[in-house]
Structure formats: C-alpha cells, structure tokens
1. Any idea which of Ala576, Ala547, Ala553 is surrounded by fewer than 23 Cβ atoms within 10 Å (Cβ to Cβ) and within 16 Å of ligand 2 (Cβ to nearest atom)?
2. Take the residues in segment 252-268 that are within 16 Å of ligand 1 (Cβ to nearest atom) and either β-branched (Val, Ile, Thr) or part of a loop (DSSP other than H, G, I, E, B) (or both), then tell me which one is surrounded by the fewest Cβ atoms within 10 Å (Cβ to Cβ).
3. What is the number of the single condition among (1) within 16 Å of ligand 3 (Cβ to nearest atom); (2) more than 23 Å from the chain's Cα centre (by Cα); (3) of a type in the set (D, E, K, R) that Asp219 does not meet?
4. Tell me which residues, restricted to segment 191-213, are part of a strand (DSSP E or B) and within 24 Å of the chain's Cα centre (by Cα).
5. Condition first: within 16 Å of ligand 2 (Cβ to nearest atom) and of a type outside the set (Phe, Trp, Tyr). Can you find one or more residues in segment 227-239 that meet it?
6. Need the failing condition index for Thr505 against (1) in contact with a strand residue (DSSP E or B) (Cβ under 7 Å, 6 or more places away or on another chain); (2) free of Cβ contacts under 8 Å to residues at least 40 places away in the same chain; (3) over 18 Å from Val418 (Cβ atoms), just the number.
7. Inside segment 377-452, counting only strands (runs of 3 or more DSSP E) that do not spill past its ends, which hold 3 or more residues that are surrounded by 22 or more Cβ atoms within 10 Å (Cβ to Cβ) and touching a Pro at 6+ places or on another chain (Cβ under 8 Å)?
8. Going by what's in this entry, would Leu159 be described as modelled with pLDDT of 90 or more, closer than 21 Å to Pro221 by Cβ, more than 16 Å from ligand 2 (Cβ to nearest atom) and touching a Pro at 6+ places or on another chain (Cβ under 6 Å)?
Amino acid sequence: MSSRASAGSGAAVSSKHCRMSDHRVKRPLATPGIGDLISRRLARREVLSGSLLAAVGALAVPMAGLGSRAARAAVVRPPTAERFTFEEIEHGVDETHHVAPGYSAEVLIRWGDPVVPGAPPFDPLNQSAEAQEKQFGYNNDFVGYLGLPFGSGNPERGLLCVNHEYTNPGVMFAKRRGRPSRARFAIPTSARVEIEMAAHGGSIIEIEKQAGRWRVVPDSPFNRRITARSTPIEISGPAAGDPRLRTSADPSGRRVIGTIANCAGGMTPWGTYLMAEEHFDSYFSGTLETHPEARNFERYDIPRSRYAWARYHKRFDINAEPNEANRFGWIVEVDPLAPRSTPKKRTALGRFKNEGAESTVSRDGRVVVYQGDDGPFEYLYRFVTEGRFDPNDRAANRDLLDRGTLSVARFHEDGSLVWLPLEFGEEPLTPANDFASQADVLIEARRAADLLGATPMDRPEDVEPNPVTGKVYVMLTSNVERAAEQIDGPNPRDRNLFGHILELTPPGGDHTAPVFGWEVLVRCGDPGSAEADAAWNPSISANGWFAGPDNCAIDGQGRLWIASDQGGGWVESGTADGLWALETEGPLRGMGRMFFRVPIGAELCGPRFTPDDRTLFVAVQHVAVSGVEDNPAFGRRARPSRTRPAAGPTSTSACRHGPPWWPSPRTTAERSGPERLPPIVISTLASDFDSGSGSQVGSARSIGADRRRGGAEP
Ligand code: FEO
Ligand code: CA
Ligand code: CA
C-alpha cells in the first residue's frame with residue numbers, strides 16, 4: 001500500500017487505492033547518474049518552472065481544506081485562448097458526485113445488474129458465484145466503447161467494455177445483523193472465494209441512447225461476462241507453450257482459466273478490447289524458499305497473499321503449482337464482436353503489472369501499444385507490431401499482437417527518450433544472465449528491463465497517444481519512496497506525493513521511432529503550497545489543480561482529460577477525486593479545470609468519450625472506502641473496521657445527510673443489511689453532454705464550439 005502524507009505536516013494519512021502496489025523497493029535504481037543533470041535540464045527547458053515561481057506568489061493563499069473560497073476567488077485568470085469553456089466545479093468532499101453546470105450525470109449500470117441472459121436480480125444478502133457470473137462486477141477501472149455496427153463510429157449504440165479489477169470482501173459481503181466486524185470477513189469461505197472470482201474480470205454490454213438517455217440493451221447477444229473463475233483463455237505469442245507456463249492442469253502451457261486484476265486497458269484499431277492484468281501478485285500465496293521461480297517471483301512481489309484463493313484453488317499456491325503465477329501479468333485481447341471467442345493472453349507484450357494498453361497506428365501501418373507498469377520505480381514500455389494494420393480486413397489483424405518488438409524507456413537529461421528493445425540474444429539478455437529464450441525475456445520482462453538500464457519511474461499508470469497532435473501522455477501517479485538522490489529529469493521530485501504528467505514527442509509523429517523527446521507537462525499538487533513544489537500554468541484556478549493522475553482520455557478534439565486517484569489523499573488535499581480537463585497547447589498549457597467530482601472515498605476511472613464527444617463514460621470505484629476512516633463526519637467506512645480514529649482533519653456536514661450514493665452513516669453504522677451495500681459501491685456513469693441548458697458555458701453547444709475552435713489550434 002502506498003501511504004500518502006501531507007507535504008506540510010508529514011503525517012501519513014491514507015493509502016492510495018490502487019492499493020495492491022506498495023512501495024517496497026527491492027533493488028537499486030537502474031540508471032544512476034542523470035539526477036545530477038536534471039537541474040540543468042529543467043533550467044534550460046521548462047517554461048512551467050519559470051511560471052511556477054510567479055504562480056506560487058500569486059496563489060499563496062490558504063488552500064487547505066474547503067475554506068477560503070473568497071481568497072481563492074481572488075486569483076486572476078487572464079483572458080486567453082481557452083480550449084475548454086465549461087464552468088468548472090469546485091474542489092470539495094461530500095457523499096455524492098458533481099458535474100459541471102449544464103451537464104447531467106446518470107448511473108448507467110451498477111454492481112449486480114444483469115449482463116447476460118438469465119441473470120437473476122441482485123440480492124446482496126444471497127449472492128452466489130453462479131449469479132455473479134451473469135451480473136456486472138465492480139471496481140471498474142477501464143471503460144471502452146465500440147460503436148455498432150463495427151466501423152460505423154456510431155455514437156448512440158455500441159458495446160461498452162468494462163474491467164472488474166478486484167473485490168473488497170468487507171464491502172461486498174454484508175452481515176445480516178449487528179455491527180460490522182472485520183473479523184467477520186477475515187476467513188473467507190469457499191463460497192465467498194467463488195463469488196470473488198466470479199466478480200473479477202470484465203463485462204461487455206450493449207448500450208444505446210434512446211430519447212436522449214442511455215440504457216443497457218438487455219439480453220443482447222453481445223453481452224458477456226469474462227471472469228477469473230470460468231473463462232478459458234488461450235496463451236499466444238512467443239511464450240505460449242513454454243515449460244515455465246505449464247501446469248498440472250495445463251501441460252500444454254497454452255490455456256489458462258481466467259484473468260485477474262484487470263486495471264485499465266485499451267481498444268485496438270480493429271475493435272478488440274485489451275484487458276491489462278495488473279496486481280496479479282495479490283492472489284498468490286505460499287513461500288519463495290527453495291522455489292524454482294524465486295528470483296522471478298520476488299521481482300513481481302509474489303506471493304502477496306491478499307486473497308484466500310489458494311486455500312480453495314491450489315493453482316494459486318505457488319508451492320503446489322510453481323508456474324501458475326507465470327500465466328498472469330499479461331495483456332489479454334478479447335473480441336467483443338464475437339461473444340463466444342476465446343480471449344488470448346498476448347505474451348509478446350511482456351509480463352508485468354500492466355496498468356493499461358492504449359494503441360495507435362504508425363504512419364507505416366504498424367500498431368504501437370503503450371504500457372505502464374504500475375509500481376514504484378517501474379518502467380514505461382512500448383510494443384510495436386511486426387505486421388501492419390489492415391483497415392479493410394478486420395480478420396487480418398487478428399493476431400497482430402503476437403509478433404513485434406517490446407521496448408522499455410530510458411530517459412536522458414537532454415530531453416531524449418531511447419526505446420531499448422527486449423530482444424533475446426542481444427546483450428545483456430543472453431544465457432549469461434539466465435535468459436534462454438525470448439519467452440524467458442517476456443516472462444521476466446522486469447528483470448530484462450533492469451539489465452537494459454531502463455529509467456525507474458514514479459508509478460506509470462495510463463499512457464495515452466493523442467491521435468490529433470501525435471504526442472503521448474504518461475500519468476505518473478506518485479512515488480513516496482523516491483529519495484532526494486534518486487531525483488532525475490522525468491521524476492523531478494523526491495517523496496513524490498502528488499504525481500506528475502509527462503508529454504512525449506515522437507519525431508515527426510512517428511510512434512515507431514527509436515528516440516522520442518520528452519517534457520514534464522505538470523507537477524501535480526497544490527500550487528499554493530511551497531512544499532508541494534507543484535508546477536502548473538499560472539492562470540490555474542483554485543479548483544484546477546489535482547493530485548494522483550491515474551487514468552486519462554483524449555477527446556475527439558485532441559484535448560486531454562485526467563482522472564485522479566489520490567487514495568485517501570483527499571483528506572489532505574481538501575478535494576475528492578475527479579476529472580479535470582488539462583490544456584496542453586498554447587499559452588494556457590498546463591492549466592487544469594475541474595469537470596467532475598466523485599463521492600467521498602472513491603477514485604475516478606474510465607474515462608471514455610463517444611466518437612461524437614457528446615457522452616463521457618466514467619467509472620466510480622470504491623465509494624466510501626479510501627480515507628473514509630479519517631473523516632468523523634462521515635462516520636463510517638464502506639468496509640468494517642475494528643478501529644476508527646477519534647478525529648480527522650476533514651469534516652463535511654453534507655456527509656451527515658442521507659446521500660443518493662450511500663445510506664446515511666448514522667443509520668448504517670448501527671444497522672446492517674443491504675442498505676449499507678451495493679447500490680452505491682461502484683457504478684459506471686454516463687455524463688450526457690447533450691442535455692445541457694444551452695445557456696451555460698459548459699453546455700452541449702459550447703462543446704461544439706470548443707471543437708471548432710480546437711480544430712484551428714496547432
Ligand atoms: Fe489499478 Fe494502476 O491502478
Ligand atoms: Ca487507480
Ligand atoms: Ca487506473
């Protein structure tokens with residue numbers, strides 16, 4: 001778990017919810033030496049730094065907590081060429097969601113809602129694995145959209161592809177009577193494990209817009225659940241069939257049941273859905289002592305033993321089944337248009353903790369996939385297919401992801417980024433370092449990247465190529481373990497609490513090029529706090545800054561939107577997580593604007609625009625979980641706890657009232673049963689740009705105007 005702390009007080013406050021990634025540092029930095037050059041690089045390059053000094057002066061107003069609105073309002077925003085014109089919402093923390101004026105936000109689907117035909121109505125007190133296998137899961141990190149029919153770009157009917165990343169047993173399983181108790185959930189039963197496994201994976205649902213409102217199409221032939229419990233998945237690519245992937249249940253090393261820890265992901269140009277297996281270490285138990293894969297597993301934090309699955313499924317016991325953990329940590333390709341097709345784990349893209357896998361087509365037709373490995377001091381990767389994308393023959397692209405070159409990024413102080421291929425046989429990826437094949441290199445991609453001298457980053461999350469500008473954006477969410485002597489150009493702060501965003505520039509827009517350029521776009525955190533050492537455009541408002549950049553999206557105009565995951569950091573920042581628009585071009589480059597805010601203790605995921613930019617889908621994860629224990633006004637957590645701190649730094653009276661997302665804390669702290677559970681836990685929201693009043697700057701008409709103006713910008 002990553003602990004966050006106040007930059008000012010140094011007091012640890014909470015865990016970031018992408019919580020399975022902790023900050024154990026098991027090795028030295030692979031590329032020492034560039035840290036001492038960063039000051040020169042920043043001084044030469046970063047316009048924002050110069051601006052920052054002015055910004056800190058201008059914004060030196062009290063900004064902690066929710067007060068000082070008048071002081072914040074004093075910030076002057078000069079009139080300039082804004083590409084976003086919606087009226088931003090304010091930072092804050094309460095029990096519900098908020099969207100910019102002129103927009104609407106509606107719940108589209110929730111945990112337990114039916115997905116496939118025959119799904120029973122959701123009954124949180126009588127769950128079963130069989131029911132959950134037909135129902136929507138929760139903790140949705142990824143949202144993809146594919147207009148129907150394929151190739152139409154239809155913005156009003158399509159398939160929504162959504163990941164179900166993990167489960168919180170304490171939130172998921174209600175106690176019928178009495179006060180919540182963590183002990184109640186400490187020993188999962190076999191039935192609970194089965195339900196958990198069924199709740200992992202993902203869903204494909206057909207949705208359509210009727211009379212201005214989105215709805216799920218019931219019993220669509222496309223509707224599908226993919227689970228950790230029962231979905232057969234093929235293993236393909238260079239590592240398929242390798243002895244290190246063989247198990248007693250699968251002597252072929254080519255077939256595995258299930259996919260787990262699917263964080264973000266991607267949609268390919270040929271309309272397939274990439275599920276990214278991230279913190280798969282959490283599901284394995286056992287000991288590494290005398291284990292044949294000890295070095296490999298240790299590099300991936302295996303076994304983490306966060307779930308009790310090994311108790312009932314021996315394949316999750318690394319001592320009973322020593323190779324099973326090598327069959328997770330991959331990118332899984334699913335064809336949403338073929339609901340009976342077998343998903344494939346594409347080993348050519350490497351094995352690590354994949355946050356996402358967004359792609360683009362290079363000018364020569366090869367497909368480029370960008371991947372972040374979400375761990376402190378982990379790396380940024382790029383995969384380039386050997387074959388070329390055929391826009392006229394969908395089937396011809398079916399196995400494009402099985403052959404190509406995986407590379408890892410090494411950043412240099414002169415503003416260049418060199419992509420280092422992970423190729424067996426090229427030094428140092430040779431038998432001298434215990435690599436006997438390309439399969440070995442891919443299975444131990446992290447160790448291969450260590451040896452190549454890749455640059456350790458501050459937890460790479462989403463990486464998104466911008467199809468309009470040709471640039472690439474990298475979310476680096478935080479890394480509190482980075483020491484002062486480990487600062488370098490692309491990771492410019494020690495004890496990085498708030499994260500930052502990098503902008504990569506492929507030369508001439510060529511995403512296959514061996515060398516890119518890079519810039520720090522923003523250093524996140526409160527610009528009014530000297531300790532935060534944040535860097536934004538000086539025109540930023542008091543609500544325009546954020547922390548913990550995690551998921552992101554590019555809209556049809558090539559504008560960047562950032563979803564945040566502070567974990568419990570909202571206690572210190574004074575604002576819940578949300579979605580911010582971020583200017584990347586022109587004089588306002590580096591200015592954020594808050595569009596959407598999630599309920600207390602949640603993080604925001606997705607986001608995904610329809611092709612016409614009129615609807616934005618977002619996923620709200622783990623409402624009332626992260627940091628809620630530090631908020632006495634809210635009064636309880638979504639999961640039972642033995643301890644509840646007597647006081648916390650943040651208090652909001654709004655949480656005393658019965659919210660739409662969650663029952664009143666007072667009621668639920670003393671009562672139990674379904675009302676303290678699901679309707680609220682996780683939802684995917686559709687924010688309909690079409691339903692604004694038209695008179696507000698954030699209305700649908702303004703979005704259209706934004707698009708036209710955006711098209712004129714470089
Ligand atoms: Fe599952 Fe990297 O967040
Ligand atoms: Ca996250
Ligand atoms: Ca994420």
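The values are calculated or read from the model by the stated rules, or taken from the named source; none is laboratory data. Computed from a predicted structure; not experimentally measured. Every residue, glycine as well, gets a Cβ built from its backbone with ideal geometry; the counts of neighbours run over all protein chains shown.
1. Going through Ala576, Ala547, Ala553 in turn, the sole match is Ala553.
2. Looking only at segment 252-268, we keep the residues that are within 16 Å of ligand 1 (Cβ to nearest atom), and these are 259-266.
Filter again for either β-branched (Val, Ile, Thr) or part of a loop (DSSP other than H, G, I, E, B) (or both), leaving 259-261.
Values: Thr259: 28, Ile260: 27, Ala261: 25.
In this case the residue turns out to be Ala261.
3. With respect to (1) within 16 Å of ligand 3 (Cβ to nearest atom); (2) more than 23 Å from the chain's Cα centre (by Cα); (3) of a type in the set (D, E, K, R), Asp219 is out only on (1).
4. Step one: filter segment 191-213 for residues part of a strand (DSSP E or B), giving 201-210, 213.
Within segment 191-213, Gly201, Gly202, Ser203, Ile204, Ile205, Glu206, Ile207 meet the criteria.
5. Quick first cut of segment 227-239, residues within 16 Å of ligand 2 (Cβ to nearest atom) only: none.
No.
6. (3)
7. Details: elements: 380-388, 404-411, 416-421.
Where strands (runs of 3 or more DSSP E) fall fully within segment 377-452 and carry at least 3 residues being surrounded by 22 or more Cβ atoms within 10 Å (Cβ to Cβ) and touching a Pro at 6+ places or on another chain (Cβ under 8 Å), they are 404-411.
8. On the way: modelled with pLDDT of 90 or more: yes; closer than 21 Å to Pro221 by Cβ: yes; more than 16 Å from ligand 2 (Cβ to nearest atom): yes; touching a Pro at 6+ places or on another chain (Cβ under 6 Å): yes.
When the stated conditions are applied, Leu159 passes them.
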